[in-house]
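Below: one structure, written as structure tokens.
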Amino acid sequence: MKTHTATTYDLIVQSEDKSRTLIETIIYALFILSAIVSIWQFAVQPIIVPSHTAGFASTRYPTA
């Protein structure tokens with residue numbers, strides 16, 4: 001008579017919920033997609049650098 005003793009890994013694999021795995025995969029994909037979109041938005045945002053010469057000219061030649 002042969003008896004089978006289940007290991008912890010066997011019990012985890014047998015009890016794994018397939019629908020939960022699908023939901024977790026979708027959530028992880030959404031996290032990755034949101035990170036990619038955030039990086040893309042930062043990369044395409046225009047950089048506006050104020051002109052240093054405009055401030056210099058206004059202090060050099062006062063209008064009053």
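The values are calculated or read from the model by the stated rules, or taken from the named source; none is laboratory data. Since the structure is predicted, the reported quantities are computational estimates derived from the model, not experimental observations. Reconstructed Cβ throughout: ideal geometry from the backbone, glycine too, with neighbour counts over all protein chains shown.
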Considering residues that are surrounded by 10 or more Cβ atoms within 10 Å (Cβ to Cβ) and at pLDDT 85 or above, the number found within the stretch 1-25 is 4
In the stretch 9-50, anything within 21 Å of the chain's Cα centre (by Cα) and small (G, A, S) is listed as A29, S34, A35, S38, A43
